[in-house]
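Since every read-out is calculated from the coordinates, none of them should be taken as a lab result. Just so you know, these numbers come straight off a predicted model, no measurement behind them. Ideal geometry is used to build each Cβ from the backbone, glycine not excepted, and the neighbour counts take in all protein chains shown.
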Amino acid sequence: MNNHFKGVLYVGLGSISYGILATFVKYANNTGHGTAGLAFAQYLFGASLLTLLSYFLSKKSATKTSLPSSSKYPKLKLMLFGTFLGLTSSFYYLSIQYVPVSVGIILLMQTIWMGVALEFITARSLINRTKIIGAIVAIIGTFLAAKVFETDITLDIRGIGFGLLAATSFTGAMYASNKVSLELPTITRSRFLVYGGLIVVVLFWNTQIIEEFTWMTFFKWGVFLGLFGTIIPPILFNKGFPIIGTGLGSIIAALEIPVSVFSAYLILQEQISILQWIGIVVILFAVVLINSRQITTK
């Protein structure tokens, strides 16, 4: 029971870490820091710290035998899939320039039904009626939470587009976290995923990084965003998910939604309507529904 509680705690803390990220990115934007500089600082710090951690931990465990690789070029595959991480951050940070953070997180979490669609493509035997119903319920909840039915709200189509692109990329990143090169140590896997993210951030933002990045941005925001965006969540998820399973883990990971919405309310003073909270509850119910069979069979 104690070990199970630790697994729940790991995944919960990782979700909270992800949940507060967008609020602080938008807060940094409001204080004059450009998105390109913030994204680059985040991944530069993450890649640097993971490299140091990997170096010292590998020296300590040099006498241990590692599992044989189940595929060719596992590190290269991680870097390729890590590009989804960089794209997720870039598209997500662009999205919240045009829509409130409370709407941006809802758009990002469309990965709930996108994950079901990906599962249908890659492993149709895993799809059942409950998951399909859950995906439909998640979409209904999204319409409520994204203020679609509130006539006094006009959402910028650019924010919606970038948010959906972020969700698509995040679906690929989640697939990589659960499927790619699992034989490698947690720190090594996180390191090469972040390497891939750093490369795509540089390619995505290119000259804007030169214009916006400063060492003040790095030390003031890069360290914070790197810790809460590229270091803490993947390490905690990799520790927690094997203990409690994907079903319960996915439900706890959905804490990211209310945490993000509530942090935006506290720090950015974004107003959250009753209809939005109803939509969030509907989305969380959809997550439970989609993963119900995995929980009961655990």
Assertion target for LEU266, LEU57, ordered by fewest C-beta neighbours within 10 angstrom first, is LEU266, LEU57
Computed on Cα atoms, the radius of gyration and Dmax of the range 153-247 in angstrom are 16.1, 48
Here the gain from full extension of LYS179 to VAL202, 0.36 nm per residue of separation minus their alpha-carbon distance, amounts to 5.7 nm
Taking ARG189, ARG158, ARG129 and counting other beta carbon atoms within 10 angstrom, the fewest-first order is ARG129, ARG158, ARG189
Per-residue Cβ contact counts at 10 Å, fewest first, order THR35, THR207 as THR207, THR35
